[in-house]
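To start, the structure itself, in structure tokens.
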Amino acid sequence: MSPKHSLLAVVVAVLWGANFVVIDKGLGDVPPLVLLAMRFVLVAFPLVFFVPRPKARWQAVVAVGTFMSLGQFSLLYISLDLGMPAGLASLVLQAQVIFTIVIAAVVLKEPPTRKQPSARRSARSAWRSSSVPTVRRRRSCQSS
């Protein structure tokens, strides 16, 4: 990988990592699903003008969007609102690496590559090194 591409990869990782903290801060003022809707609209609106329509059936596009975006991010935002720390939310979300390797091997008969076990070990070590802190509840979730 060229130095330029390495730098871009680091920038993406930093932005993605900051993403969880920004979401956590935003949830102090806005309900989780409203904040999620705002995020999707702000991202999707400009893309409508620059990204061509997918060459797939609209039902497939809606199904993928529902499960991969709406479902995953709804649970993320609700978890953060219920008190999951941003750092732990990042680790939980990245646990998909392990599941993707296993599911692809079983369902798609796609054998793991040499790089995947090292990614799996990295994910496992991150999980082991993190402690599960006490979950705090936000005011918006507490009963009156």
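The values are calculated or read from the model by the stated rules, or taken from the named source; none is laboratory data. Only a predicted model underlies this, so the values are computations on that prediction, with no experimental measurement involved. Cβ sites come from the backbone with ideal geometry, for glycine too, and all protein chains shown count toward neighbours. Heavy atoms of the whole protein, side chains included, go into the accessibility calculation; ligands, DNA and RNA do not. Shrake-Rupley method; radii C 1.70, N 1.55, O 1.52, S 1.80 Å.
So here's what we get for this one:
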| item | result |
| --- | --- |
| Surface accessible to a 1.4 Å probe, per residue, for the residues of the stretch 39-103, Å² | 70 Å² |
| Fully extended contour minus Cα-Cα distance, from Lys4 to Ala63, at 0.36 nm per residue | 17.7 nm |
| Kirkwood hydrodynamic radius of the stretch 29-100, Cα pairs, Å | 14.0 Å |
| Gln72 paired with Trp16, simple spin-label distance in nm, labels 7 Å along Cα-to-beta-carbon | 1.0 nm |
| J(HN,Hα) series, the stretch 11-24, from Karplus relation 6.51 cos²θ - 1.76 cosθ + 1.60, nearest Hz, glycine and proline x | 4, 4, 4, 5, 5, 5, x, 5, 3, 5, 5, 5, 4, 4 |
